[in-house]
C-alpha cells in the first residue's frame, strides 16, 4: 500500500508516522501546509543535520521522515488543486491526514484508490471543526475520543472506520495531550488499514446530529466563577502554551487576566473573588480556588483590545 501523509508538523502526527514506518506499507511522501510566500507546491530540503554536526535531539516529524528517506513537500492553499496530478503520478493508494488546515476538494479526495483517512481527536459527530481538543477542555470534558474516518466533501463528516476513547489527563499541556491522541490513533491504524482492504468491510456512516465548533476567538478564553476548579485548571494549563491570555470573571463582576494555572485547592474558600499576592493570584471558583500566574503587560494589552 502506497501512502501519502498530509499533516501539520506537530505532536499528533509523529506517533502516526512512527506507526506507519513499522507496518508493511510504503510512505511515499509527507505534505505540509506552506506558510505565505512559498510556491504553490515545493519540495522541502532535508531537516536532519549533517553527520558532522549531528546532535542528539528528540525526533520530530521532519527529521523522522528524512531518516526514513521520505520526501517532504509544502503546499499552499492555492496549490491544493495542483496536487491532483502529483498524487496521481505517485500512484497513491491512501492519503492519511492529521491536522490539515484547509478543506480538501472533492476531485482530490477521489484520487487515492482507498480515499483519504482523517485522524480527528473527538468522538465524531461531536466537536467537528479545527480545534476539538480546545473545545473538549473548555466544555469540561475529562475524556474524549480519537476518530479515524474516511473524508467526504463535508468537514469532519465521512464514515467512521475506528473510534477509541481516552482520558484527558488533568493539568497536562496541550502538546502532551496531542501526543497522547496521536498514540491512540497509532494504536488503531493497523486495524483501520486492514478494514479498508478487507473485501467484506463496509464503512459506517456517522450518526445523525453532532455539532461544529469554529476556531477559538478571544471571548472563548474567558472563564467564570461558576466553573469547577478542575475544569478551569485543565483548560488553562493545556491552552496556556498558545500564549493567549485568559480572562477570569469573578462573581462580583471584576475581571483579571491570567497567563497560566499553577495549582488548585478543591473545597477552599476565599474572602473575596480575587486575591493577589507574591506574584500569584488566587481565584474563587464554584468548588475551590485556582492559583494562577498573572498575565504579562503585553498579554493584558491583548485582552483590552480583544473585546
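Throughout, read-outs are computed from the coordinates displayed, never taken from laboratory work. Values in this document were obtained by computation on a predicted structure and should not be read as measured data. Don't worry about glycine lacking a Cβ; one is built from the backbone with ideal geometry, like all the others, and counts go over all protein chains shown.
Taking 0.36 nm per intervening residue step and subtracting the Cα-Cα distance, what contour gain separates residue 8 from residue 42 on full extension?
10.7 nm
Would you kindly calculate the translational diffusion coefficient of the chain, applying Stokes-Einstein with the Kirkwood radius from alpha carbon pairs, for 20 °C and a viscosity of 1.002 mPa s, and quote it in µm² s⁻¹ without decimals?
Working: Rh = 21.2 Å.
Value of D from the Cα-based Kirkwood radius: 101 µm²/s.
Residue 197 to residue 155: extension gain in nm, 0.36 nm per residue of separation minus the Cα-Cα distance? The partial results should precede the final answer.
Working: separation 42, 0.36 × 42 = 15.12 nm, distance 2.41 nm.
The residue 197-residue 155 span can extend by a further 12.7 nm.
Ranked highest first by average number of other Cβ atoms within 10 Å, how do 261-268, 29-36 line up? Display every interim value, and only then the final one.
Numbers: 261-268: 15.6, 29-36: 17.8.
Final packing ranking: 29-36, 261-268.
Which number comes out as Rg/Rh for the stretch 218-306 once both Rg and the Kirkwood Rh are worked out on C-alpha atoms? Could the numbers behind the result be given before it?
Numbers: Rg = 11.7 Å, Rh = 12.6 Å.
Ratio value, two decimals: 0.92.
Which peptide among 16-25, 37-46 comes first, and what is the full order, when sorted by highest mean count of other Cβ atoms within 10 Å? The partial results should precede the final answer.
Details: 16-25: 16.9, 37-46: 12.8.
Highest mean packing first, the order is 16-25, 37-46.
Need one word for the stretch 22-161: rounded, prolate or oblate. Basis is the Cα gyration tensor (sqrt eigenvalues a ≥ b ≥ c); a/c below 1.5 gives rounded, then a/b vs b/c decides. Kindly include the intermediate steps, with their values, before the conclusion.
Numbers: a/c = 1.75, a/b = 1.27, b/c = 1.38.
Because a/c hits 1.5 or more and a/b fails to exceed b/c, the stretch 22-161 counts as oblate.
Arrange the peptides 227-233, 65-71 so that the one whose residues have, on average, the most other Cβ atoms within 10 Å appears first. Walk me through the numbers on the way to the answer.
Working: 227-233: 20.9, 65-71: 16.4.
In descending order of packing, they fall as 227-233, 65-71.
Please say if the stretch 168-249 is rounded, prolate or oblate, where rounded means a/c under 1.5 for a ≥ b ≥ c the square roots of the C-alpha gyration tensor eigenvalues, and otherwise the choice is prolate for a/b larger than b/c and oblate otherwise?
Verdict is prolate for the stretch 168-249.
In whole Å, what is the distance between the alpha-carbon centres of the stretch 159-204 and the stretch 229-252?
28 Å
Given the -39500 (n - 2.57) contribution per DSSP H run of 4+ residues, what per-residue ellipticity at 222 nm results for the chain, rounded to the nearest 500 deg cm²/dmol?
-7500 deg cm²/dmol
At what distance in nm do the modelled label points of residue 275 and residue 222 sit from each other, each positioned 7 Å from its Cα along Cα→Cβ?
2.6 nm
With a point put 7 Å past each Cα toward its Cβ, work out how far residue 166 is from residue 103 in nm, to one decimal.
2.9 nm
Relative contact order for the stretch 2-197: what is it in percent, counting Cα pairs under 8 Å that are at least 6 residues apart? Kindly include the intermediate steps, with their values, before the conclusion.
On the way: 355 pairs, mean separation 44.8, N = 196.
Normalised by residue count, the contact order of the stretch 2-197 is 23 percent.
For 85, 278, which order do you get if you count the other beta carbons within 10 Å of each Cβ and list the fewest first?
278, 85
Starting from 0.36 nm per residue, how many nanometres of slack lie between residue 143 and residue 63 once their C-alpha separation is accounted for?
Values: separation 80, 0.36 × 80 = 28.80 nm, distance 3.14 nm.
Between residue 143 and residue 63, full extension yields 25.7 nm more.
Using only alpha carbon pairs under 8 Å that are at least six residues apart, calculate the relative contact order of the stretch 115-218 and give it in whole percent. Please report the intermediate quantities before stating the final value.
Details: 165 pairs, mean separation 36.9, N = 104.
Taking the mean separation of contacting Cα pairs over the length of the stretch 115-218, I get 35 percent.
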